[in-house]
1. Limited to the range 127-176, what total is found for residues that are modelled with pLDDT of 95 or more, of a type in the set (S, T, N, Q) and out of contact with any strand residue (DSSP E or B) (no Cβ under 9 Å at 6 or more places or on another chain)?
2. How about the range 54-124: which strands (runs of 3 or more DSSP E) wholly inside it have at least 2 residues that are at pLDDT 80 or above?
3. Of the residues in the range 112-128, how many are of a type in the set (A, V, I, L, M) and without any contact (Cβ under 8 Å) to a residue 24 or more places away in the chain?
4. Being crowded, with 20+ Cβ neighbours inside 10 Å and in contact with a Lys or Arg (Cβ under 9 Å, 6 or more places away or on another chain) is the filter; apply it to the range 205-220 and report the residue that is farthest from ASP145 (Cα to Cα).
5. Hey, does the range 170-177 have a residue that's free of Cβ contacts under 8 Å to residues at least 24 places away in the same chain and on the phi > 0 side of the Ramachandran plot?
6. I need the full set of residues from the range 142-163 which are in a helix (DSSP H, G or I) and either of a type outside the set (Asp, Glu) or over 25 Å from TRP37 (Cβ atoms) (or both), in order please.
7. Scan the range 186-208 for residues that are part of a helix (DSSP H, G or I) and in contact with a Gly (Cβ under 8 Å, 6 or more places away or on another chain) and jot them down.
Amino acid sequence: MEPDTPPSETVIRDETVIWRYMDFPKFFAVLCKQGLWFAKATTLRDDPWEVFGKAERLTGQPAGEWQEAPDGRKTRTISLSEMIARFSQTSAEYIDHSPEHLYVNSWCSGPESMAMWEIYGSDGFGVALKSSVGRYKRAANFIVDDSHFCFEEVEYHPSLESVPDLQLDFRQSIPMPGRSLRSKILKLGRHKRECFWHEHEWRALLYQDARPEITGIDVGFDLEQLISEVFVGPRAGVFLVETAESIMEKFQFRKPCKKSDLLSSPRREAAPAG
């Protein structure tokens, strides 16, 4: 069996800038709920390979013998090899159903992205929250211990079927349900196919026991700590900046709000007089 070990985090500096692009209704929901939505991985339908993983398991172990008790009832002993096989199969099933256990909150790292504005605000009605990795970690209010969540910069691959972290072998080294197995499941959420490279994704991952009745979880955040600035899309009209400021004022959330200048014309020197 494997010892319990905490999940490792991708090394990314706390000063790294991250962006959360969204539409106006979601922006309103963030302020209203004072938190962020963590979507269950099964609902992330843009990528059917989300939280992909495979686990080899022990099978076909010999069963124990049937014995007759003094009262006539029959009982069956479980051999050690059968017990280990059951542990192996149980842990592998957790990997099979890992999208039911992981909840994701995604951001984009690095500079402001025109590509992301086109996806989330091409009609001018997008909003972006600017933060940093350090701000996010300090602002999060998880009510579980740190073995249940991690913060990861996504790694992109030509094929997920060749990534070692996603090809697990539980035939000899078997992680028991608990911290060790949670660590392996959390790692599944840091890998995506390279066709999503344009997202430059940084994400928070939250592990939960299987809850088929829900599609996600609201997690409380200190928004004053989390958000440094609010931007509306580069194609937004002036009234949208005023609308965003009005919404923020309603919730007494006083942070800088401005229109993105990615589509602003360059400054040019005036032509010399003829």
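The values are calculated or read from the model by the stated rules, or taken from the named source; none is laboratory data. Model, not experiment: these values are computed from the prediction. Neighbour counts run over all protein chains shown; Cβ positions are idealised from the backbone, glycine included.
1. 0
2. Numbers: elements: 54-56, 66-68, 74-76, 102-109.
So the answer is 54-56, 102-109.
3. If we filter the range 112-128 for residues that are of a type in the set (A, V, I, L, M), which is where we start, we get 114-116, 119, 127-128.
Those still in the list that are without any contact (Cβ under 8 Å) to a residue 24 or more places away in the chain too: none.
Of the residues in the range 112-128, 0 are of a type in the set (A, V, I, L, M) and without any contact (Cβ under 8 Å) to a residue 24 or more places away in the chain.
4. My answer is LEU205.
5. At the first step, the residues of the range 170-177 found to be free of Cβ contacts under 8 Å to residues at least 24 places away in the same chain are 172.
Retained after the next criterion (residues that are on the phi > 0 side of the Ramachandran plot): none.
Looking for residues that are free of Cβ contacts under 8 Å to residues at least 24 places away in the same chain and on the phi > 0 side of the Ramachandran plot, one finds none in the range 170-177, hence no.
6. Within the range 142-163, the first condition is being in a helix (DSSP H, G or I), and the residues that meet it are 146-148, 160-162.
Selection gives SER147, HIS148, LEU160, GLU161, SER162.
7. Our first condition is that a residue be part of a helix (DSSP H, G or I); within the range 186-208, this holds for 186-188, 194-199.
Hit for the range 186-208 is LEU188, nothing else.
Residue by residue, here is whether (1) free of Cβ contacts under 8 Å to residues at least 12 places away in the same chain; (2) of a type in the set (D, E, K, R); (3) closer than 19 Å to PHE24 by Cα; (4) part of a strand (DSSP E or B) holds:
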site: ALA210; (1), (2), (3), (4): no, no, no, no
site: ILE214; (1), (2), (3), (4): no, no, no, no
site: VAL230; (1), (2), (3), (4): no, no, yes, yes
site: ALA236; (1), (2), (3), (4): no, no, yes, no
site: PHE239; (1), (2), (3), (4): yes, no, yes, no
site: THR243; (1), (2), (3), (4): no, no, yes, no
site: ILE247; (1), (2), (3), (4): no, no, yes, no
site: LYS258; (1), (2), (3), (4): no, yes, yes, yes
site: LEU263; (1), (2), (3), (4): no, no, no, no
